[in-house]
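The values are calculated or read from the model by the stated rules, or taken from the named source; none is laboratory data. As the structure is a computational prediction, the values presented were derived from the model and not from experiment. Counting neighbours? That spans all protein chains shown, and the Cβs are built from the backbone with ideal geometry, glycine included.
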Amino acid sequence: MHTFELNKMIESHEPQAVIDALFDQAYHAKDWETNHNALTKGDRMVMSVTTFLGEICNGGFDQYFWNDAGDFSFDAAEALEAISAPEYRELLTRAMSLFPDGGPSTDRLTRQDQLEVVRSSSEGDVWEQLETAFCQRYHNDREELTRKLFDYIREHPDVFSD
């Protein structure tokens, strides 16, 4: 999407509609499954934050890292910091730190093998603790998080350009 088109959308649409349009464009128009670099920085940001939130809300950290959304975990951590959501970044990086080899692989099959190690070696129910903290925060400020992502989009439309 060109910066001009994005700016017009920002002026005329609700924040969630802008986020959804950018997500859909990135998801359907790019060859991201085989090459994440086919996505712009903005594409990766919207995809990584949106899939992070969706997967955690739907099935927790286990589901997030099991599915292809986990391919973007490092992008999600960077994006959460960029949009001023450090509490969510902290939860994600704590979950990432449980993985062997310095963090989760960006390759899904390798990460699934790593996830088996995490499951067998974690003491206590670490996922449950992280998910509880996530849910408490998310249900209290879901709209605020959407606003933060939208504000970033509005302030940095150039990172979404082809």
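Of note:
- Among the residues making up region 81-95, those that are in contact (Cβ under 8 Å) with a residue 12 or more places away in the chain and either over 15 Å from N67 (Cβ atoms) or in a loop (DSSP other than H, G, I, E, B) (or both) are A82, I83, S84, A85, E87, Y88, R89, L91, T93, R94.
- Residue match in region 84-91 (condition: buried (at least 20 other Cβ atoms within 10 Å of the Cβ) and modelled with pLDDT under 95): no
- Residues considered: S84, S73, S48. Of these, the only one that is of a type in the set (S, T, Y) and on the phi > 0 side of the Ramachandran plot is S84.
- Pairs are defined by a Cβ separation below 6 Å, a sequence spacing of at least 6 or placement on different chains, a first member in region 103-115 that is in contact (Cβ under 8 Å) with a residue 12 or more places away in the chain and closer than 15 Å to F72 by Cβ, and a second member that is surrounded by fewer than 17 Cβ atoms within 10 Å (Cβ to Cβ) and not aromatic (F, W, Y); the pairs so defined are R108/D68.
- Test: A133 is buried (at least 17 other Cβ atoms within 10 Å of the Cβ) and assigned to a helix (DSSP H, G or I): no
- Exactly one residue out of D75, D62, D151 is surrounded by 14 or more Cβ atoms within 10 Å (Cβ to Cβ) and closer than 30 Å to S12 by Cα, and it is D75.
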